Amino acid sequence: MKLRAVKGTNDRLPADQPRWQRVIDAASRVLGRAGVQQITPPVFEFAEVFERTVGESADLVVQKEMYTFDDRGGRRLTLRPEFTAGVLRAFVEHGMHTWPSPVKLWSHGPAFRAENVQRGRYRQFHQVNLEIVGTAVPLADAEAIALFVDVLRALGLRGVRVALGSVGDPPDRAAYNAYLRAALEPRAGELSETSRERLRLNPMRVLDAKDAGDQALVAPLKRPLDFLNADARAHFDAVAASLDAWGVPYDVDPGIVRGLDYYRRTAFEIHAEGIGAQSALGGGGRYDGLVAELGGPDVPGIGWAFGIERVLDALAQAEIGMPEPERPLLFLVPMDDEAVSQAAGLARQLRAHARVEHAYVRRAAGKGLRDADRSGARYAGLLGGRERADGVIQLKDLASGSERRMPLRDLPDWAAAAMSAATAASSGPPAIAADAG
Ligand code: HAM
């Protein structure tokens, strides 16, 4: 059997890395300035951490989407399907409720769900995740949503749509679910199997049905937003007012329900055009009560996550330019056997300043220049007997073809200057300067 990557997993190849890094960098910069600290929870946890939090009606549970296994010690473990549960487990374990409140934490890394694979839906995917724990004020909800939009804007993404809703407090949810049951049970036979199951476990989730027939059935019905108690309604209005004040565009979506059960009040999603059926870049909401569920103090919280793959897909659809992989400044070509170790030693020395590569065997000048070209280097540095005798290197600008001999002792300064000029101009290092003799 030919070995291949498991279905629903992807290799991230060298050419993909700069894009990926740019997403992480944008999140780190934008969130860092808002006082969000980074936390890296483990990739797997005791299964209970997720079983206690995601809720019995979540797809993760109903459709058995969690990768749960017994290890050799007989512990039941789960590869994280999301970050929230693990971050909150860490919050409790490290007594973070004693830290200055609110505690704002962000993370990034892989998550795992045994889902039906399609565009934007993988079994190993990656999230950037934010949690703001310790405050119930609507300002925190608005800040979380605004930060999400800020990260996407920092990446150059425009035209994203924030869909803002509220699932209310538990009694509101119960009342709404009772309403839906009363409305839908008589017509349960017309619902798809998935929606029938949802009607049984958590009727609200029928609103999320993909099936057109189901959608037609629920279209005339009321939405969770119609069932909010006065406090939850005031909370929702306050979140919206902050977003208005900050110029963060959003649409009220009275029917937002999320695939995880732990949400209370604020629930939101961010969508982008043109990324296929799975158009949600990310989503989140408030989850008051969840920390207590994990055995911690009863502190409220709100958060979100976005899928890095989906954000990259949206950036590609919007044809937003991505950074080129960094190229070597210099590729050293040893033209005789003695120069091979000289080139390797020189490269080691110059790497204090710049990316420098070299051939590992003796190369004729022509072949060596081809190697240099293929490496993407801006300059080739030829080293042979003549150069050694004179203590110089033959430098060739691979774009312009211009050449010059440079004393080896000047090379580190030249490399440093080329790099700082490149960073300053972001347009490549300058042409070879006049002889620094
Ligand atoms: P979620 O809606 O389950 O929320 O996932 C958030 C995002 O992760 C999705 O919108 C999507 O971009 C990405 N995602 C989810 N599943 C997959 C998949 N199979 N393949 C590719 N991308 C996927 C949460 O995970 C919550 N923990 C968010 C949160 C944080 N709520 C409060 N704090």
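Looking at the P(r) of the stretch 52-113, how many percent of alpha-carbon pairs lie beyond 14 Å?
66 percent
Counting only trypsin sites (Lys or Arg not before Pro) that sit in a DSSP loop (anything but H, G, I, E, B) with at most 10 other Cβ atoms within 10 Å, what is the longest stretch of the chain containing none of them?
Answer from the scan: 211-437.
Can you give the convex hull volume per residue for the Cα atoms of the stretch 211-282, as a whole number of Å³?
Details: hull volume 8.9 nm³, N = 72.
Per-residue hull volume (Cα only) is 123 Å³.
Any idea what log10 I(q)/I(0) is at q = 0.07, 0.10, 0.11 Å⁻¹ for the chain, Debye with uniform C-alpha scatterers and no solvent?
-0.49, -0.80, -0.89
Got a number for carbon plus sulfur as a percent of the stretch 4-131's accessible area, 1.4 Å probe? Write down the numbers at each step before the final one.
Details: 3280 of 6690 Å².
Solvent-exposed carbon and sulfur of the stretch 4-131 make up 49 percent of the total.
Output needed for the stretch 82-194: three equivalent-ellipsoid semi-axes, defined as square roots of 5 times the C-alpha gyration tensor eigenvalues, in descending order, whole Å.
For the stretch 82-194, the semi-axes come out at 30, 22, 18 Å.
For the stretch 212-351, take the alpha-carbon Rg, divide it by the Kirkwood Rh, and send me Rg/Rh.
Taking Rh as the inverse mean 1/r over Cα pairs, Rg/Rh reads 1.29.
Over the stretch 267-389, with every protein chain in place, what whole percent of the accessible area is carbon and sulfur at 1.4 Å, could you tell me?
Details: 2510 of 5390 Å².
The C+S portion of the solvent-accessible surface of the stretch 267-389 is 47 percent.
Based only on Cα atoms, what Rg/Rh ratio does the stretch 273-357 have, Rh being taken as Kirkwood's radius?
That ratio is 1.38, to two decimals.
Using a 1.4 angstrom probe on heavy atoms only, work out the carbon and sulfur share of the accessible area of the stretch 148-255 in %.
Heavy-atom surface of the stretch 148-255 belonging to carbon and sulfur, 1.4 Å probe: 51 percent.
Would you mind getting the accessible area per residue of the stretch 84-224, heavy atoms of the protein chains only, 1.4 Å probe, in Å²?
Values: 5730 Å² over 141 residues.
I get 41 Å² per residue for the stretch 84-224.
I need two numbers for the stretch 137-195: Rg to one decimal and Dmax as a whole number, Cα atoms only, in Å.
Considering the stretch 137-195 through its Cα atoms, Rg and Dmax are 18.1, 49 Å.
Just report the Cα centroid separation between the stretch 359-386 and the stretch 31-79, whole Å.
Centre-to-centre (Cα) distance: 51 Å.
Can you classify the stretch 319-407 as rounded, prolate or oblate using the Cα gyration tensor, where a ≥ b ≥ c are the square roots of its eigenvalues, rounded means a/c under 1.5, and otherwise it's prolate if a/b beats b/c and oblate if not?
Details: a/c = 1.94, a/b = 1.75, b/c = 1.11.
Because a/c hits 1.5 or more and a/b exceeds b/c, the stretch 319-407 counts as prolate.
Over the alpha carbons of the stretch 86-150, what is the largest minus smallest coordinate on each principal axis, giving the biggest first in Å?
On the principal axes, the stretch 86-150 reaches 41, 29, 15 Å in Cα extent.
At a temperature of 20 °C and a viscosity of 1.002 mPa s, determine how fast the stretch 1-136 diffuses translationally according to Stokes-Einstein, using the Kirkwood radius over alpha-carbon pairs as Rh; express D in µm²/s, rounded to the nearest whole number. Don't jump to the answer; show the numbers that get you there.
Details: Rh = 16.7 Å.
Here the translational diffusion coefficient equals 129 µm²/s.
Which log10 I(q)/I(0) values, to two decimals, does the stretch 143-301 give at q = 0.11, 0.15, 0.16, 0.17 Å⁻¹ under the Debye formula with one point per Cα?
Calculated log10 I(q)/I(0) at the listed q: -0.48, -0.87, -0.98, -1.08.
With a probe of 1.4 Å, find how much accessible area the stretch 322-418 has per residue, and write the answer as a whole number in Å².
51 Å²
The values are calculated or read from the model by the stated rules, or taken from the named source; none is laboratory data. Note that the structure is predicted; figures quoted are calculated from it, not measured. Ideal geometry is used to build each Cβ from the backbone, glycine not excepted, and the neighbour counts take in all protein chains shown. For the accessible areas, the whole protein counts, side chains as well, though only heavy atoms, and no ligand, DNA or RNA atoms are used. Shrake-Rupley method; radii C 1.70, N 1.55, O 1.52, S 1.80 Å.
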